[in-house]
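Heads up, the thing below is written out as C-alpha cells.
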Amino acid sequence: MAFITENTATGDGSTTEFSFTFPYINESDVKVTITDANGDPQPNTDFTFANATTLSFNTAPTDQRTIRIFRDTNLDNAVVTFFAGSAIRAEDLNDNQNQVLFSAQEVENNAVLTTGSTITGDQIFTNSDLIFEG
C-alpha cells in the first residue's frame, strides 16, 4: 500500500494550522475528526483551507487531542458528466479516474480482510449480534 488517505496530529491548545499530504478532488472531500475528553473521535467542521494542503482551525484543538484529517471522496455523482457532441478534455477524464482511484484507496484502507487483519479504534455495532466461529 503506497498511498496516503489520512494524516493525524496531536493538538497542543495553541496551534491552529495542520498540514496534510494526500491528494483530493474537492475541498468537501477533506474531513476532520478530533477526539473528545473520552478519546472518542468527533466530526469537526470548524476549519477553513489556509492553502491546498493546510487546514486552519477557528479554535486551536485542545492539548493532547488527536486530530485526524482524512479524505472521503464523494461518490454520489461523477465529477464530470460527458454529453454527446461535447469536447472531452484530458483534465475531465483524469478527474473522473481519480474519483474512482481515490474511492478504491479509501475502501482498501478501511477493509477488514477475511484472512485476518487488525481493527483499530472503537467499533460500534448497533442492534447486532457478534458471533465467533471456529
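The values are calculated or read from the model by the stated rules, or taken from the named source; none is laboratory data. Everything quoted here is computed from the prediction, not taken from an experiment. Neighbour counts are summed over all protein chains in view; Cβ atoms, including those assigned to glycine, are modelled from backbone coordinates with ideal geometry. Please note that ligands, DNA and RNA were not included when accessible areas were found on the heavy atoms of the full protein model with its side chains. Shrake-Rupley method; radii C 1.70, N 1.55, O 1.52, S 1.80 Å.
Taken as a whole, the stretch 55-68 holds no residue that is open to solvent by less than 40 Å² (accessible area, probe 1.4 Å), basic (Lys, Arg) and within 17 Å of Thr8 (Cβ to Cβ). Taken over the stretch 72-89, the criterion of being within 27 Å of Ile4 (Cβ to Cβ) and either of a type in the set (Asp, Glu) or open to solvent by 100 Å² or more (accessible area, probe 1.4 Å) (or both) is satisfied by Asp72, Leu75, Asp76, Asn77.
Of all residues in the stretch 75-88, those that are without any contact (Cβ under 8 Å) to a residue 60 or more places away in the chain have Cβ atoms under 8 Å from Cβ atoms of residues that are part of a loop (DSSP other than H, G, I, E, B) and open to solvent by 90 Å² or more (accessible area, probe 1.4 Å), 6 or more apart or on another chain, in Phe82/Ile88. Among the residues of the stretch 66-94, none is identified as farther than 26 Å from Phe49 by Cα and part of a strand (DSSP E or B). Residue count for the stretch 95-133 satisfying the condition of being more than 28 Å from Ala2 (Cβ to Cβ) and either polar (S, T, N, Q) or not in a loop (DSSP other than H, G, I, E, B) (or both): 3.
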